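Have a look at the structure below before the remarks.
The values are calculated or read from the model by the stated rules, or taken from the named source; none is laboratory data. All figures in this text were calculated on a predicted structure; none of them were measured in a lab. No Cβ is skipped: glycine too gets one built from the backbone with ideal geometry, and neighbour counts run over all protein chains shown. When the accessible area is computed, the model is the full protein with side chains, heavy atoms only, and any ligands, DNA or RNA have been set aside. Shrake-Rupley method; radii C 1.70, N 1.55, O 1.52, S 1.80 Å.
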Amino acid sequence: MLDLPDKIKNLIGNENFSYDDVGMSDSTVIIFTDKVLKIQSISEESEHEYQVMEWLQDKLPVPRVLAYEKAEDKNYLLMTKVSGKMSCADQYMRNPEQLVNLLAEGLKMLWKVDISNCTYMHGLDEKLQMAKHNVQNNVVDMDDVEPETFGENGFESSEHLLKWLITNRPEEEFVFSHGDFCLPNIFLSDEKISGYIDLGKAGIADRWQDIALCYRSLLHNFEGKYCDKKYQGFRADILFEKLDIVPDWDKIRYYTLLDELF
Ligand SMILES: Nc1ncnc2c1ncn2[C@@H]1O[C@H](COP(=O)(O)OP(=O)(O)O)[C@@H](O)[C@H]1O
Ligand SMILES: [Mg+2]
């Protein structure tokens, strides 16, 4: 077992555990019987995840924070394990109507959160600033991008993409946004959302931020991008039908492109 802060060690005792291999960030996630420990390098995003999780406790189904400790350059977030399964679990992928219904519900629940006293701004002012930082410090993961984003018919470089995003910045329609609304970050159980996790990018942002990433994630998961299994005959556009919303393709493209710089 890793060298953990005493407070965390005392809370987990000798419980059995396994390491998660789903998350794509450089965090270490350890799954216990009914708790989860997320260890991250200290950063604005990882501290924000803890703060936003606390803020959301009585507002949305999110894990309960059991302990939050910092030691050296890491922070340790011990939280309850949410019930159910990730929304990309086979059981849901085989029932796309039900899955998309639940995800649409999940988006609508976010939009109902009262943001009048929320201090966590995560709109384009903040995101473009962070994107600039990522580009300037060369931390954009160019291996984890859509094939068409860069190259022959795409952008020449991350600098060019950033410039385009700044020039083509759309009007924002502010709601409470998850910030990384992809299937592995949304848990389902008993035909409802049982947990929103991975909250490091959550806060006030444009409604289309989450719609865009949800749409992209549906496409990726049904195409079998993250596992070998492909699911045939899925129409991602049912998302807009369930949301009863006309797709704003410009914004979907914009927020999908913006995410390339994170
Ligand atoms: N509170 C939790 N309850 C249940 N599973 C969790 C919880 N937190 C994380 N996980 C599992 O670990 C995975 C990675 O955690 P996540 O917070 O999404 O990290 P990353 O930032 O690496 O994506 C999730 O997709 C999920 O399968
Ligand atoms: Mg995640």
Solvent-accessible ranking of MET142, MET109, MET79, largest area first, probe 1.4 Å: MET142, MET109, MET79
message: If I build a Gaussian network model for the chain, linking alpha-carbon pairs within less than 10 angstrom, which residue out of GLN232, GLN51, GLN98 has the largest mean-square fluctuation?
response: GLN232
message: Just want to confirm a number: the relative contact order over the chain, from Cα pairs under 8 angstrom separated by 6+ residues, in percent.
response: 21
query: Which whole-number percentage describes the relative contact order of the stretch 6-80, with Cα contacts under 8 Å and a sequence gap of 6 or more?
result: 28
- request: Using +1 at the Cβ of each Lys and Arg and -1 at the Cβ of each Asp and Glu in the chain, identify which of SER189, ILE8, GLN136 lies farthest towards the dipole's positive end.
  value: SER189
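Using +1 on the beta carbon of Lys and Arg, -1 on that of Asp and Glu, and nothing else charged, what's the dipole of the stretch 18-157 about the Cα centre, debye to 20?
Values: 13 positive and 26 negative charges, 158 e Å.
In debye, rounded to 20, the stretch 18-157 gives about 760.
Divide, for the chain, the radius of gyration over alpha carbons by 2.2 N^0.38 Å, where N is the residue count. Show your work: numbers first, answer last.
On the way: Rg = 18.4 Å, N = 262, 2.2 N^0.38 = 18.3 Å.
After normalising by residue count via 2.2 N^0.38 Å, the value is 1.01.
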query: Over the heavy atoms of PHE187, what accessible area does a 1.4 Å probe trace out, to the nearest 10 Å²?
result: 40
task: Heavy atoms only, probe 1.4 angstrom, no DNA, RNA or ligands counted: give me ASP210, ASP20 ranked by accessible area, highest first.
output: ASP20, ASP210
Where only C-alpha atoms are counted, convex hull volume of the stretch 149-228 per residue in Å³: 136
task: Return one whole number: the accessible area per residue of the stretch 85-259 in Å², for a 1.4 Å probe.
output: 51
field: Accessible surface of TRP55 - all protein chains present, 1.4 Å probe, nearest 10 Å²
entry: 50
message: Rounded to the nearest percent, how much of the accessible area of the chain (1.4 Å probe, protein heavy atoms only) is carbon and sulfur?
response: 46
field: Above-threshold pairs, the threshold being 22 Å between Cα atoms, out of LYS35/LYS112; LYS59/LYS81; LYS81/LYS242; LYS112/LYS192; LYS38/LYS81
entry: LYS35/LYS112; LYS81/LYS242
- line: extent check for the stretch 6-80: Cα max minus min per principal axis, descending, whole Å, gives 31, 27, 26
- request: Restrict the search to the stretch 189-255; then list the GluC sites (Glu not before Pro) that DSSP places in a loop and that have at most 12 other Cβ atoms within 10 Å of their Cβ.
  value: GLU191
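Any idea what the dipole of the chain comes to, in debye rounded to 20, about its Cα centre with Lys/Arg Cβ at +1 and Asp/Glu Cβ at -1? Provide the component values of the computation, followed by the final result.
Values: 28 positive and 48 negative charges, 138 e Å.
It works out to roughly 660 debye.
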statement: Taking only protein heavy atoms and a 1.4 Å probe, the highest-to-lowest accessible-area order of CYS214, CYS88, CYS227 is CYS227, CYS88, CYS214
task: With unit charges on the beta carbon (Lys/Arg positive, Asp/Glu negative), name the residue among TRP164, MET109, LEU239 whose Cα is farthest towards the positive pole of the charge dipole of the stretch 85-259.
output: MET109
statement: Here the Cα Rg-to-2.2 N^0.38 Å ratio for the stretch 64-180 is 1.39
Most positive-pole-ward Cα, PRO61, TYR50, MET79, against dipole of the stretch 50-124 from beta carbon charges: PRO61
field: Computed accessible area, ARG207, all protein chains, 1.4 angstrom probe, square angstrom
entry: 50
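Provide the net charge surrounding ASN16, with neighbours chosen by a C-beta distance below 13 Å and charges set as Lys +1, Arg +1, Asp -1, Glu -1.
Working: positive: LYS35, LYS81; negative: GLU15, ASP34.
Result for the local shell: 0.
As an exercise, identify the chymotrypsin sites (Phe, Trp or Tyr not before Pro) in the stretch 1-51 lying in DSSP coil whose Cβ has no more than 11 other Cβ atoms within 10 Å. Mind dumping the intermediate values first?
Numbers: sites: PHE17, TYR19, PHE32, TYR50; in loops: PHE17, PHE32.
In loop regions of the stretch 1-51 (DSSP not H, G, I, E or B), there are no sparsely surrounded chymotrypsin sites (Phe, Trp or Tyr not before Pro).
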